[in-house]
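The values are calculated or read from the model by the stated rules, or taken from the named source; none is laboratory data. Source: prediction; values computed, not measured. Quick reminder, even Gly has a Cβ in these numbers, built from the backbone with ideal geometry, and neighbours come from all protein chains shown. Side chains are part of the model used for accessible areas, which takes the heavy atoms of the whole protein and leaves out ligands, DNA and RNA. Shrake-Rupley method; radii C 1.70, N 1.55, O 1.52, S 1.80 Å.
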Amino acid sequence: MISAQDITIVIPTYGREEVLVNSLSDLLALETAACEVLLVDQTPEHEPATIKALSEWQSKGRVRRLTFSPPSIPHAMNQGLMHANTDYLLYLDDDIIPDDNLIASLVDALNNQSTTPQCIAGQVIQPDETVIRFEDWKRSWFPFNSDRSQFIDEVMAGNLCVNRAFALKIGGFDENFKGSAYRFESDFARRVIRAGGKILFEPSVSIKHLRAERGGTRIKGNHLTTWRPHHSVGKYYYAFRGGVFEAFKAVLIQPLRAVRTKHHLRSPWWIPATLCAELLGIFWAIGLLLKGPGFLNRIKHDL
């Protein structure tokens, strides 16, 4: 039987202060506690109040903190994989409010399956969302705020439990996803499925995502108002990794889709900058593809 002591909470964080402290406080106050909270901290320098809180938790053994730079979401996820000491890892965003029964529900989900899934994707409620009936959903992508437990082929890294041994076996998270690392989660999910793994969506394993304005991927700026490719490179790299047809479709459609927005309709002077970002993202993604995937079994890490 799997217990809470078989689970490590892993929180990659970057540029977050009060909201990080609040998230950790809520997690540490859960009645059913995980074995450990592992904070993978990419912030160059925290505010004094944050440093004080983290130091107190560290001294009491309630939080273990790893630090490194430069920031990278997949690298932070991989650091969690390598440094955790339990069979299961629960990745959480650093700006959340966890459900009171988050860990208890995860333990139940892991134990209540005839075949334990390699990943459990939990429910994520965004600031503008409520829980919906899955039967009422009419769009093509999966709603992570839905109410029905089912097997799926997608994940959100902000509330994701993985079997550590299986994740290591498939190479962890691809560190070639640069910038805001868009679609790195989809790449991981695709490799889980291709390796014969199963991903269970379990709505009882629930968090509210606060979508803090400061920190995280927002450090890279707004994708609508930049010429830099940090927001576009991931989607092209993901498409290129999917094969010739998927790559051709992305190059043909994505640049046009990027400028067909209400923002560009109101502010057409941003169209050249957005197209520049898309073009640079394509060339960057080609270079990354030629380099080969950044899996754990292909790159060196310091332990």
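Numerical summary
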| item | result |
| --- | --- |
| Between helix 48-59 and the chain: long-axis angle, C-alpha atoms, 0 to 90°, nearest 10 | 50 degrees |
| Ranking by accessible area, most exposed first, for Ile11, Ile170, Ile73 with a 1.4 Å probe | Ile73, Ile170, Ile11 |
| Cβ-placed point charges (K, R +1; D, E -1), dipole of segment 1-78 about Cα centre in debye, nearest 20 | 180 debye |
| Estimated FRET transfer efficiency (Ser267, Phe142; beta-carbon r; R0 30 Å; 0.05) | 0.45 |
| Derived scalar couplings ³J(HN,Hα) [segment 170-178; Karplus, 6.51 cos²θ - 1.76 cosθ + 1.60; whole Hz; x for Gly, Pro] | 8, x, x, 9, 6, 7, 6, 6, 9 |
| Sulfur and carbon atoms: percent of accessible area, segment 131-173 [1.4 Å] | 52 percent |
| Local net charge near Gly281, Cβ-Cβ under 10 Å (Lys/Arg +1, Asp/Glu -1) | +2 |
| Probe 1.4 Å, all protein chains present, accessible-area order of Lys235, Lys138, Lys249, Lys60, largest first | Lys138, Lys60, Lys249, Lys235 |
| Quarter of the Cα convex hull surface for the chain, i.e. its orientation-mean projected area (nm²) | 16.3 nm² |
| Per-residue ³J(HN,Hα) for segment 143-149, Karplus 6.51 cos²θ - 1.76 cosθ + 1.60, θ = phi - 60°, Hz, x for Gly and Pro | x, 7, 9, 8, 10, 10, 6 |
| Environment charge of Ser149, counting only residues whose C-beta is closer than 12 Å and scoring Lys/Arg +1, Asp/Glu -1 | -2 |
| Stokes-Einstein D for segment 41-171, Kirkwood Rh over Cα pairs, 37 °C, 0.692 mPa s (µm²/s) | 193 µm²/s |
| Binned Cα-Cα distance frequencies in segment 100-172 - 5 Å width, integer % | 3, 13, 22, 26, 18, 11, 6, 1 |
| Solvent-accessible area per residue, Å², over the chain with all protein chains present [probe radius 1.4 Å] | 50 Å² |
| Nonlocal amide H pairs with Val205, under 5 Å, H built at 1.01 Å | Gln123 |
| Over the chain: helical MRE at 222 nm, DSSP H runs n ≥ 4 each giving -39500 (n - 2.57), nearest 500 | -11500 deg cm²/dmol |
| Kirkwood Rh (inverse of mean 1/r, distinct Cα pairs), segment 89-233, angstrom | 16.2 Å |
| Column: log10 I(q)/I(0), Debye, Cα scatterers of segment 148-218, q = 0.13, 0.25, 0.28 Å⁻¹ | -0.44, -1.25, -1.36 |
| Under 27 Å from the Cα of Lys291 - lysines, other chains or at least 8 residues apart | Lys169, Lys178, Lys220, Lys235, Lys249, Lys300 |
| Whole-Hz couplings from phi, Karplus 6.51/-1.76/1.60, listed for segment 81-92; x for Gly and Pro | 4, 7, 9, 6, 10, 10, 6, 10, 10, 10, 7, 10 |
| Rg over Rh, two decimals, segment 233-303 (C-alpha only, Kirkwood Rh) | 1.12 |
| Selected from Ser140, Ser180, Ser25 as most flexible by GNM, with the chain as the system and alpha-carbon contacts under 10 Å | Ser140 |
| Filtered chymotrypsin sites (Phe, Trp or Tyr not before Pro), segment 100-143: DSSP coil and at most 16 other beta carbons within 10 Å | Trp137, Trp141 |
